[in-house]
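Reading through the structure tokens given below for one structure.
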Amino acid sequence: MKDRDPISAQSRRDTFNRRALQVSDAQTLSISYVERVHEESIPLQDSDGRVLASDVIAPHPFPAFARSGMDGYAVRSIDTAACDPGKPIWLEVVDHIPCGYVSSIPIEQGKASRIMTGAQVPEGADAVVMLEATELRTENGRSYVGLKKPIEKGKNITPLGFELQEGDLILRRGTVIGPGEISVLATFGIHTVKVYRQPVVGIFSTGTELLDITEPLEPGKIRNSNTYMLASQIREAGGIPMIMEAIPDDVQLAREKVEEALQLYDIVVTTGGVSVGDYDIMGELVTSGELDMLFNKVTMRPGSVTTAAVKEGKLLFALSGNPGACFVGFLLFVRPAIRKMLGMEQLYLTEWTAELGADYSKVNNFTRYVRGSLDIQNGKLVATPASLDESSVMITIKDSDCLIVTPPELRGAVKGQNVQVLVLPGAWT
Ligand SMILES: Nc1nc2c(c(=O)[nH]1)N[C@H]1C(S)=C(S)[C@@H](COP(=O)(O)OP(=O)(O)OC[C@H]3O[C@@H](n4cnc5c(N)ncnc54)[C@H](O)[C@@H]3O)O[C@H]1N2
Ligand code: MOO
Ligand SMILES: [Mg+2]
């Protein structure tokens, strides 16, 4: 027995007349409402995974001095030209140069200085002979190094500016910071980094059947998995998830919750209640005129009822309650919005061409995004559809590396056929 009021008859009629947008049109529309978030400065050591908010220009050449690549002797190559294994040339050792020390003794004809890997090459020297190719003798308190082979000019020396010149553009705004970028920033003494603030994304699920993950199972009810799946997806996208308590199917509660979430957070994502059922409250809310609805139907499966609306410049994505549709809806619409806010350049999933690993017979008039696994077979990238790929199925999400894009066609797709795949974050890229 129901103990709730269904949504209005008018709302239900409206939902039957939804205008479906193509995925790309729906993406373009929703992304056009996204503004980049503000910048903030954070310590370099906290900047992993964050996005640079300004270009980084090399403030000095790197290396900033000609550097020895070996432990050995800094010499003038010309002095070694006449070396012979049977007749070594002896150069007087005039200095000893550890790392971090700058020698004040230039290398003149017939002279050499002992030098360590990473030390600044002294003036006059144009090559470093490695220690193993030398012998040492002492005479009258002076040291001499013996060389048996000529050395070419520049050998074992990394010239000043070998990697970068002063003024070179090293990192572009929009770059995601990882170990390589951190190394660059540290090298140039950029200890405080200007990055985009992480968008804060409010999440709540709707559904009278939902139990909290801490609650024991009850007949007819399920635990709320979407909220936690979305929180994980938000983190991967670079946002900060704010988990709000799920609500039962009550339009008034949904209205208040959406209002509150839009006040507090940069983006709001909900799940459930967007189809044509009697208690599909989010569907009713977005068509009530309180928000500007952008779309409530997209020509895709799963997630055909994916909905987006905007209020005072903030986006609400009302995703389907079915876990598969929720997962895909996030990837196609919410993730790009978070990435745009973060100033990233690549908003959408990476697209590759792969061979289909098994026949896929399901067809309809919408593009399907089929969960699949990727592997290499006989040197070719192969995408195999998941055994269970229904929108309501949760279990195969964890096994997927990609979404296999199957456009609407009369026939199904066959094994061996080329297909486009959208690579899932963290899988292979
Ligand atoms: N007459 C029609 N019925 C349905 C249609 C249709 O076109 N005509 N579309 C189907 C498709 S496709 C989808 S997808 C779903 C969309 O449903 P809603 O987005 O309205 O979601 P709910 O009805 O609230 O729930 C659907 C399903 O998902 C479970 N759910 C909900 N929230 C969660 C959560 N937080 N964690 C885990 N699972 C959740 C819920 O219990 C339902 O089983 O509509 C079809 N129906
Ligand atoms: O929204 Mo449903 O399949 O289109 O999952
Ligand atoms: Mg429903």
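Any read-out appearing in this document is the output of simple, stated calculations on the displayed coordinates, not a laboratory observation. Since the model is a prediction, treat every value here as computed from it, not as a measurement. Because the Cβ atoms are built from the backbone with ideal geometry, glycine has one as well, and the counts that use them run over all protein chains shown.
Using only Cα atoms, locate the centre of region 376-412 and the centre of region 277-320, then give the distance between them in Å, rounded to an integer.
Result: 27 Å between the Cα centres.
Defining a contact as two alpha carbons under 8 Å apart and six or more residues distant in sequence, what relative contact order in percent does region 271-319 show?
Working: 78 pairs, mean separation 15.3, N = 49.
Rounded, it is 31 percent for region 271-319.
Suppose R0 equals 30 Å; then what is the FRET efficiency for E218 and L264 from their Cβ-Cβ distance, rounded to the nearest 0.05?
Numbers: r = 31 Å, r/R0 = 1.02.
It comes out at approximately 0.45.
Using alpha-carbon pairs under 8 Å, 6+ residues apart, how would you state the relative contact order of region 351-423 in percent? Could the numbers behind the result be given before it?
Values: 165 pairs, mean separation 35.1, N = 73.
Answer for region 351-423 is 48 percent.
About the Cα centre of the chain, what is the dipole size in debye to 20, counting +1 per Lys and Arg Cβ and -1 per Asp and Glu Cβ, all else neutral? Let's see the in-between values first.
Details: 42 positive and 54 negative charges, 180 e Å.
That gives a dipole near 860 debye.
Starting from the Kirkwood radius over alpha-carbon pairs of the chain, derive D by Stokes-Einstein at 37 °C in a medium of 0.692 mPa s and give it in µm² s⁻¹. Working shown, then result.
On the way: Rh = 26.2 Å.
Once the numbers are plugged in, D ends up at 125 µm²/s.
Rounded, prolate or oblate: which fits region 109-219 when a ≥ b ≥ c are the square roots of the eigenvalues of the alpha-carbon gyration tensor, with rounded for a/c under 1.5 and prolate only if a/b beats b/c?
Numbers: a/c = 5.37, a/b = 3.14, b/c = 1.71.
Taking the square roots of the gyration eigenvalues as a ≥ b ≥ c, region 109-219 is prolate.
Under a cut-off of 26 Å between alpha-carbon atoms, report the lysines in cross-link reach of K380, not counting same-chain residues fewer than 8 places apart.
K362, K398, K415
Only Cα pairs under 8 Å and at least 6 apart count here; give the relative contact order of the chain as a rounded whole percent. List each step's numbers first, then the result.
Working: 1005 pairs, mean separation 71.6, N = 429.
Worked out over the chain, it gives 17 percent.
Residue separation times 0.36 nm, minus the C-alpha to C-alpha distance between Y348 and L211: what's the value?
Working: separation 137, 0.36 × 137 = 49.32 nm, distance 3.28 nm.
My answer for the length gained is 46.0 nm.
Work from the charge dipole of the chain (Cβ charges, +1 for Lys and Arg, -1 for Asp and Glu, about the Cα centre) and give the residue of T80, A318, P425 farthest towards its positive end.
Value computed over the given set: T80.
Using a ≥ b ≥ c from the Cα gyration tensor of region 247-374 (square roots of the eigenvalues), is it rounded, prolate or oblate, where a/c under 1.5 gives rounded and otherwise the larger of a/b and b/c decides, a/b for prolate? Before the final figure, lay out the partial values.
Details: a/c = 2.58, a/b = 1.47, b/c = 1.75.
It comes out oblate by the Cα gyration axes.
Could you work out how far apart the two model spin labels at A186 and E163 are, taking each label as a point 7 Å from the Cα in the direction of the beta carbon, and quote it in nm?
Going from the A186 label point to the E163 one covers 1.1 nm.
Within 10 Å of each residue's Cβ, count the other Cβ atoms and sort Y265, Y73 from fewest upward.
On the way: Y265 20, Y73 28.
Sorted ascending by nearby Cβ count, the order is Y265, Y73.
Using a Förster distance of 51 angstrom, determine the FRET efficiency expected from the C-beta separation of V414 and T117, and round it to 0.05. List each step's numbers first, then the result.
On the way: r = 59 Å, r/R0 = 1.17.
That pair, V414 with T117, gives E of 0.30.
For the pair D399 and D359, what calculated FRET efficiency results from E = 1/(1 + (r/R0)^6), where r is the Cβ-Cβ distance and R0 = 25 Å, to the nearest 0.05? Walk me through the numbers before you get to the answer.
Numbers: r = 19 Å, r/R0 = 0.76.
So the FRET efficiency works out to roughly 0.85.
Charges only on Cβ, +1 for Lys and Arg, -1 for Asp and Glu: so what's the dipole of region 351-423 about the Cα centre, in debye to the nearest 20?
Numbers: 7 positive and 9 negative charges, 24 e Å.
Charge dipole of region 351-423: 120 debye, to the nearest 20.
What is the sum of charges, Lys and Arg at +1 and Asp and Glu at -1, for the other residues whose Cβ falls under 13 Å from the Cβ of G180? Could you put the intermediate results ahead of the total?
On the way: positive: none; negative: D48, E163, E181.
With Lys, Arg at +1 and Asp, Glu at -1, the net is -3.
Per-residue ellipticity at 222 nm for the chain, helices alone: DSSP H runs ≥ 4 residues times -39500 (n - 2.57), over residue total, nearest 500 deg cm²/dmol? It would help to have the intermediate numbers written out before the result.
Details: 8 runs with 72 residues, N = 429.
Rounded to the nearest 500, the figure is -4500 deg cm²/dmol.
Sort region 351-423 into rounded, prolate or oblate with this rule: let a ≥ b ≥ c be the square roots of the eigenvalues of the Cα gyration tensor; rounded if a/c is under 1.5, and if a/c is not under 1.5, prolate when a/b is larger than b/c, oblate otherwise.
Working: a/c = 1.73, a/b = 1.11, b/c = 1.56.
Note, shape of region 351-423 comes out oblate.
Putting +1 on Lys and Arg Cβ atoms and -1 on Asp and Glu Cβ atoms, find which of G329, P407, T206 reaches farthest to the positive end of the dipole of the chain.
The one lying farthest along the dipole's positive direction is P407.
Kindly put F204, F295 in sequence by how many other C-beta atoms sit within 10 Å of each C-beta, fewest to most. If you can, show how the numbers build up before the last one.
Details: F204 25, F295 19.
Fewest to most other Cβ atoms nearby, the residues stand as F295, F204.
Under a point spin-label approximation (7 Å from Cα along Cα-to-Cβ), what is the Q252-R172 distance to one decimal in nm?
5.3 nm
Straight-line reach from K87: which lysines fall under 25 Å, measuring Cα to Cα and dropping same-chain residues less than 8 apart?
Excluding near neighbours in sequence, the set is K111, K148, K149, K153, K155.
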